[in-house]
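Here, each number is a calculation from the coordinates, and none is a lab measurement. Predicted, not measured: the structure shown is a model, and the values here were computed from it. Here the Cβ positions follow ideal geometry from the backbone for every residue, glycine too, while neighbour counts run over all protein chains shown.
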Amino acid sequence: MSVWSEGISLPGNMDTSPPHEKRKQKPKKNSKKKKSQSAKESNSKPMEAKATASYFSLSITGQIVSATFPLGPDKEFVFLRYELIAGPDWQLASGPQHGLTQLATNKSGHFNEPIVFNMPIEVTYRSTSPYGWPQILVSVFGRSGLGRERLLGYAHIHLPVFGSRRPAEQMEQLQTPILMPKCPNMIADVTSWLLRREPELKDPKVLLDNLKCKGLAMESYGSLDFQLSSVMRGARKLGYHWHA
């Protein structure tokens, strides 16, 4: 007859627990933990795949080719200042946002021949929405032989959505007018003539907003030529389908 008593230690490594307590012992949870870890890893993989497709990219290459004035520019030399402007959802991944061209002239040829700049542009944007599509805002300035600078106008254009279907050496030819602000009244016109200063915009970015530039008086004189090509990646993964 065997008697089980608590608090009695037996020699050796014998298990002294009663048989009914052995049955109540729970199995180890290592297998469940391994399954849960493997399930978490499998669930994290599609989330990582979705994270890589959370934005699309737009790469632009090209140049500001030239400026043309029907009766020639008012100054001997011409140069450009440009700025790339985009909406809040757009992030500039690579490339300069601002640029300044060299002084150029056409005085060696005919007065209405193009003034060539060939200013290269190469940028890459990232975005989650097409709202606020990037634009190029250009300010055209002239400089006389004495070094006096004068505003000749503004120009702006959207970056192309589709890449050119032409050969690689032939990019898309784009043209935009050069706009010059006009004086709002005769007094301002006389003052501008006496001071020999053309009216300028405090913030040229208002030209990019149709609501803000609604009351502006502008006149077109000349044009600006661009050569631009675009490459877009990741737009279809976000559900955007554009067709040329």
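Miscellaneous remarks
- In a fully extended conformation the segment linking residue 143 and residue 162 would gain 3.2 nm over its present Cα-Cα distance, using 0.36 nm per residue.
- For segment 57-66, 3J(HN,Hα) per residue [Karplus equation, 6.51 cos²θ - 1.76 cosθ + 1.60, θ = phi - 60°, Hz, x = Gly/Pro]: 10, 10, 10, 10, 10, x, 6, 8, 7, 7
- Residue-by-residue Karplus 3J(HN,Hα) for segment 225-241, coefficients 6.51, -1.76, 1.60, Hz, glycine and proline x: 10, 10, 10, 9, 9, 10, 10, 10, 9, x, 6, 5, 5, 8, x, 9, 10
- The mean of 1/r over all pairs of different alpha-carbon atoms in segment 86-244, once inverted, gives a Kirkwood hydrodynamic radius of 18.5 Å.
- Here's the picture: charge each Lys and Arg Cβ at +1 and each Asp and Glu Cβ at -1 in segment 58-238, and of 223, 175, 87 the one pushed furthest to the positive end of that dipole is 87.
- Net lengthening on full extension, residue 76/residue 238 (0.36 nm per residue, minus Cα-Cα): 53.3 nm
- Trypsin sites (Lys or Arg not before Pro) restricted to DSSP loop in segment 189-234 with at most 15 other C-beta within 10 Å: 196, 197, 202, 212, 214
- Members of 205/237; 75/182; 182/205; 75/214 lying beyond 27 Å, as alpha-carbon distances in this model show: 205/237; 75/214
- Restricting the chymotrypsin sites (Phe, Trp or Tyr not before Pro) of segment 75-180 to loop positions (DSSP other than H, G, I, E, B) with no more than 14 neighbouring Cβ atoms within 10 Å leaves 111, 131, 162.
- With θ taken as phi - 60° and the Karplus curve 6.51 cos²θ - 1.76 cosθ + 1.60 applied, the whole-hertz 3J(HN,Hα) list for segment 87-98 is x, x, 7, 9, 10, 7, 7, 7, x, x, 8, 10 Hz, x standing for glycine and proline.
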